[in-house]
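Q: Here it is, the structure, as structure tokens.
The values are calculated or read from the model by the stated rules, or taken from the named source; none is laboratory data. In this text, all values refer to a predicted model and were calculated from it rather than measured experimentally. Cβ coordinates were reconstructed from backbone atoms using ideal geometry, including for glycine residues, and neighbour counts include every protein chain displayed. Surface areas here come from the heavy atoms of the whole protein model, side chains and all, with no ligands, DNA or RNA. Shrake-Rupley method; radii C 1.70, N 1.55, O 1.52, S 1.80 Å.
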Amino acid sequence: MNEAALTLEGWYALHDFRTINWSLWNKADDEEKAHALDDLQSLWEQWKKTENDNLGSSVVYSIVGQKADLVFFHLRETLEELNELETEFNKTAFARYTIPAYSYVSIVELSNYMAKPGATGDPMDNPEVQARLKPILPKMKHICFYPMNKKRDLQDNWYMLSMEERRGMMRSHGMIGRNYAGKVKQIITGSVGLDDWEWGVTLFSDDPLQFKKLVYEMRFDEVSARFGEFGSFFVGNRHTDESLIAMMK
Ligand code: 76R
């Protein structure tokens, strides 16, 4: 059997995409709207507290285009906590005015392709590794999310390549990525056995054009050009609780 890449896992991730039911919202009276927004606000306060206590992280973005209107992106220690907060959200008066559009369940993942040879000790004891596995999500202006696979065709099967071949390609991938340091922040979440694709790719930037530049440049790199298969792309703008509430008013 071929050598599997070793992976380290951190917080579980839920990308919860919702469409706003505007016709229902527009029919609601002022009292119903105020109740819905109060519910949303108090849940959001809890998410902030969880983040301040370093027990998880949450961000909310609008989605541009018709695939969804909002994405709630949560990281938590356990799958149970993700489930609880999803149910808690669904119970709010605000959720009554939303329709599920798409969701993605995965876990923050780091692989050992770029590990320094000869490194000793348990990487889980390394504070830098811990910070990457349990990240406080960036509060940058834009988000881009898409799921992806690596191909398993007869000619191009990522999983049949040797560790050396894969490491070489991942090095080239990482070199391209590094050119975007400071401009794009990426969080790779693994989802083999958890959701329909193998990874979720979440990118954050203050300039949405950098998503296009980065993804385009990677298309020419062997690991994406030969092996990458991509799902739907979702792109949007950051919401704070104030901006979302203002938008609904
Ligand atoms: O661990 C590291 O961050 C260093 C090297 C690195 C790995 C191991 C790295 C760097 N990535 C890694 C793994 Mn990545 N990445 C993607 C996409 O659209 C496409 O073509 C692909 C989607 C983008 C845009 C991106 C960006 N990366 C992975 C994996 C797991 C592979 C596996 O295990 O087989 C996937 C699926 C994936 C996909 N990557 C970077 C970036 C960027 C910007 C970097 C540089 C990060 C930095 O140096 O700060």
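Q: Can you name every one of the strands (runs of 3 or more DSSP E) wholly within region 136-249 that holds 1 or more residues which are within 13 Å of the ligand (Cβ to nearest atom) and farther than 30 Å from residue 46 by Cα?
A: Fully inside region 136-249 and qualifying: 142-150, 228-230.
Q: Oh, and also: Identify all residues within region 3-45 that are under 30 Å from residue 159 (Cβ atoms), buried (at least 19 other Cβ atoms within 10 Å of the Cβ) and of a type in the set (Gly, Ala, Ser); write none if there are none.
A: 10, 13 - these are the residues of region 3-45 that are under 30 Å from residue 159 (Cβ atoms), buried (at least 19 other Cβ atoms within 10 Å of the Cβ) and of a type in the set (Gly, Ala, Ser).
The rows are residues; the columns are (1) among the hydrophobic types (A, V, I, L, M, F, W, C); (2) open to solvent by 30 Å² or more (accessible area, probe 1.4 Å); (3) at pLDDT 95 or above; (4) under 30 Å from residue 34 (Cβ atoms).
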{"site": "97", "(1), (2), (3), (4)": "no, no, yes, yes"}
{"site": "125", "(1), (2), (3), (4)": "no, yes, no, no"}
{"site": "155", "(1), (2), (3), (4)": "no, yes, no, no"}
{"site": "160", "(1), (2), (3), (4)": "yes, yes, yes, no"}
